[in-house]
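Here's the structure, in structure tokens; my notes come after.
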Amino acid sequence: MMNKKRKKFWKGRNFISSTTHGITLIALVVTIVVLLILAGITITMVLGEDGILSQAKLAAEKTKEAEEQQEKDLQDLVGMINDAVNGKDPETLQDAVSSKKVFSNTTKFDAEGNKIDGSSEEEKTTAITIPAGFKITEGDVSKINEGVVISDEAGNEFVWVPCTEEQYKSHTYTGDHSKDNENIITDDEGGWATFTYKAYNDWKDAGENLESVKKYGGFYIARYEAGIPSSMTGIYIDPKSANKTYVVEGRNTSDYAPVSKKGAQAWNFIDQTNAIKVAEKMYNTSGAVISQLVDGIAWDRTVEWIVASKKYADIEKNSTNYGNYATTSERFQKNEGEKYKKLIINSPILFAEHLFEYNTDETTGDWKQDVDWRLGKNYQYGSIDTGYEDPYNSLEDATEKYSGFGGTQNKKYRHFIELSTGGSEDTKLNNIYDLAGNMYEWTTEMGYHGENSGTQYAVLRSGSFNDFGNGATITYRTGGFIVGSTHPGIGFRVVLYVK
């Protein structure tokens with residue numbers, strides 16, 4: 001009985017064991033199938049069209065696009081700010097002239113008005129560089145050699161003078177001027193004629209900036225003589241306000257920056273030392289340009305460029321028809337029998353009258369050394385003829401017409417007119433006004449006349465309202481004034497070098 005039960009038990013165990021093995025095999029197959037399915041799903045998820053890798057790649061692309069868009073949005077924002085402040089940077093110079101946009105960065109254009117980014121020597125000779133903060137206001141872009149005018153936000157204007165490294169170097173001083181003579185037109189070692197000043201060999205010019213010229217192919221010269229800024233309270237004269245006292249005191253200062261604007265009161269009675277300081281002050285916070293008193297090299301190159309245009313006949317020999325000189329007055333020409341063109345003055349205009357007080361030698365009739373300037377009582381705004389009038393042979397004669405000027409008995413007088421800047425279109429040369437006449441202009445050229453006294457002299461260029469245009473031409477140079485001199489007929493001009 002017991003054996004039968006045990007046998008049955010083992011059969012049961014065997015049965016149970018066989019059944020267990022069968023279930024495990026099925027489970028294995030099912031597991032494999034499931035794993036294969038999962039593997040397929042995983043591969044699809046990873047490698048499929050919408051898989052993880054594709055999504056990761058797409059996400060990377062989207063991220064890059066987002067970064068690019070963010071950068072673009074940032075640039076657009078900067079552009080909007082620049083547009084609001086300065087305008088939009090045009091694609092061509094023609095666009096700039098027609099729309100009068102302001103350039104937001106230093107930009108070069110060729111003679112055809114196309115923007116260029118290169119810096120080859122060929123491009124430099126035909127390119128114009130527009131500094132940040134300036135815009136083009138006048139000039140034919142296909143004729144850069146006739147004068148392209150730029151202006152800052154305040155309306156100060158400058159003219160581009162193209163200049164190669166070789167042209168600039170041709171006017172750089174070697175230090176040897178032993179052949180120069182005070183009154184003789186000579187060929188200077190700089191390669192340019194009509195340098196007329198004393199024969200000392202210690203003239204130096206600290207104002208040159210060859211590096212800027214090499215880099216940009218030119219420089220900017222102020223379109224006008226330096227003018228009195230409106231911030232000079234008590235000295236600045238509103239052009240449309242008549243009968244303002246001619247104020248001399250307070251002009252010889254370094255506390256203000258000049259203007260380069262049409263119709264401004266010319267800044268005279270300033271010495272060369274202060275002229276250097278105020279010229280530098282004009283753009284001393286600019287990151288785009290360096291402003292300074294015009295150097296002799298820049299002046300010579302500007303004159304050379306003007307003469308090369310052949311539009312102004314023999315101007316280097318006789319500048320009478322192109323400046324406010326004594327010789328351009330109708331009265332002078334009538335008395336002296338000259339045939340110069342009468343200067344046509346923009347009327348009405350701000351002007352000042354000057355009386356020159358002098359004695360003559362009873363034997364020769366020549367002027368004696370005891371001469372002085374007596375200022376006209378007021379600035380005036382109206383119409384005027386330039387040049388000097390007939391001499392007044394006594395204080396009474398002069399006082400009869402020009403009362404209150406403080407003259408002296410037993411002296412003679414001559415009458416001259418100082419014009420505000422840009423007072424006549426006849427004085428415009430390649431879009432630059434008053435290079436000839438109206439004011440002598442200080443430069444950075446200095447020397448000691450070969451002396452050991454320590455007295456330093458500075459060079460003046462061109463001539464003033466009381467000079468003759470056939471002598472004090474645009475090329476004229478005189479070095480007889482010390483750096484601390486002031487005079488009603490001496491002013492200055494600013495030049496800009498691009499950084």
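The values are calculated or read from the model by the stated rules, or taken from the named source; none is laboratory data. What you see is a predicted model; the values in this text were computed from it and never measured. So basically every Cβ, Gly included, is an ideal-geometry build from the backbone, and we count neighbours across all protein chains shown.
Within region 435-460, which residues are farther than 25 Å from ALA264 by Cα and among the charged types (D, E, K, R)?
GLU445, GLU451
Among strands (runs of 3 or more DSSP E) lying entirely in region 397-476, which contain 1 or more residues that are at pLDDT below 85?
On the way: elements: 412-419, 440-447, 457-461.
So the answer is 412-419.
Please pick out the residue among VAL213, VAL278, VAL289, VAL259 that is among the hydrophobic types (A, V, I, L, M, F, W, C) and either surrounded by fewer than 18 Cβ atoms within 10 Å (Cβ to Cβ) or in contact with a Cys (Cβ under 7 Å, 6 or more places away or on another chain) (or both). Walk me through it before giving the result.
Details: VAL278 fails: either surrounded by fewer than 18 Cβ atoms within 10 Å (Cβ to Cβ) or in contact with a Cys (Cβ under 7 Å, 6 or more places away or on another chain) (or both); VAL289 fails: either surrounded by fewer than 18 Cβ atoms within 10 Å (Cβ to Cβ) or in contact with a Cys (Cβ under 7 Å, 6 or more places away or on another chain) (or both); VAL259 fails: either surrounded by fewer than 18 Cβ atoms within 10 Å (Cβ to Cβ) or in contact with a Cys (Cβ under 7 Å, 6 or more places away or on another chain) (or both).
Selected residue: VAL213, the only one of VAL213, VAL278, VAL289, VAL259 that is among the hydrophobic types (A, V, I, L, M, F, W, C) and either surrounded by fewer than 18 Cβ atoms within 10 Å (Cβ to Cβ) or in contact with a Cys (Cβ under 7 Å, 6 or more places away or on another chain) (or both).
If you take the residues of region 416-463 that are hydroxyl-bearing (Ser, Thr, Tyr) and free of Cβ contacts under 8 Å to residues at least 60 places away in the same chain, which of them is nearest to GLY491 (Cα to Cα)? Break it down stepwise before answering.
Residues of region 416-463 hydroxyl-bearing (Ser, Thr, Tyr): 420-421, 424, 427, 433, 440, 443-444, 448, 453, 455, 457, 462.
Keeping just the survivors that are free of Cβ contacts under 8 Å to residues at least 60 places away in the same chain gives 440, 453, 455, 457.
Details: TYR440: 6, SER453: 26, THR455: 21, TYR457: 16 Å.
This residue is TYR440.
Hey, can you tell me all the residues within region 408-440 that are farther than 22 Å from TYR236 by Cβ and β-branched (Val, Ile, Thr)?
Listed by number, the residues that qualify are THR408, THR427, ILE432.
Going residue by residue through region 220-232, is there one that turns out to be at pLDDT 80 or above and surrounded by fewer than 16 Cβ atoms within 10 Å (Cβ to Cβ)? Show your work before the answer.
Quick first cut of region 220-232, residues at pLDDT 80 or above only: 220-232.
This time we only want the ones that are surrounded by fewer than 16 Cβ atoms within 10 Å (Cβ to Cβ), so: 230-231.
Yes: region 220-232 contains one or more residues that are at pLDDT 80 or above and surrounded by fewer than 16 Cβ atoms within 10 Å (Cβ to Cβ).
Name the residues in region 312-339 that are at pLDDT below 80, closer than 22 Å to GLU441 by Cβ and part of a loop (DSSP other than H, G, I, E, B), would you?
SER329
Would you check which residues across region 302-316 are within 18 Å of VAL213 (Cα to Cα) and either in contact with a Pro (Cβ under 9 Å, 6 or more places away or on another chain) or surrounded by fewer than 16 Cβ atoms within 10 Å (Cβ to Cβ) (or both) and list them?
Passing the criteria: only TRP305.
Return the total of residues in region 431-465 being surrounded by 24 or more Cβ atoms within 10 Å (Cβ to Cβ) and of a type in the set (S, T, N, Q).
Of the residues in that region, 5 qualify.
For region 121-144, name all the residues that are over 23 Å from ALA226 (Cα atoms) and either at pLDDT 90 or above or of a type in the set (S, T, N, Q) (or both). Let's see the steps before the verdict.
Kept after step one, since they are over 23 Å from ALA226 (Cα atoms), are these residues of region 121-144: 121-128, 140-144.
Correct list: THR125, THR126, SER142.
Yes/no per residue for (1) modelled with pLDDT under 95; (2) out of contact with any strand residue (DSSP E or B) (no Cβ under 9 Å at 6 or more places or on another chain):
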position: ASN268; (1), (2): no, no
position: ILE276; (1), (2): no, no
position: GLU280; (1), (2): no, no
position: TYR283; (1), (2): no, no
position: GLY287; (1), (2): yes, yes
position: LYS310; (1), (2): yes, yes
position: TYR358; (1), (2): yes, no
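Please enumerate the residues belonging to region 477-497 that are at pLDDT 95 or above and closer than 19 Å to ILE297 by Cα.
Matches in region 477-497: VAL483, GLY491, PHE492, ARG493, VAL494, VAL495, LEU496, TYR497.
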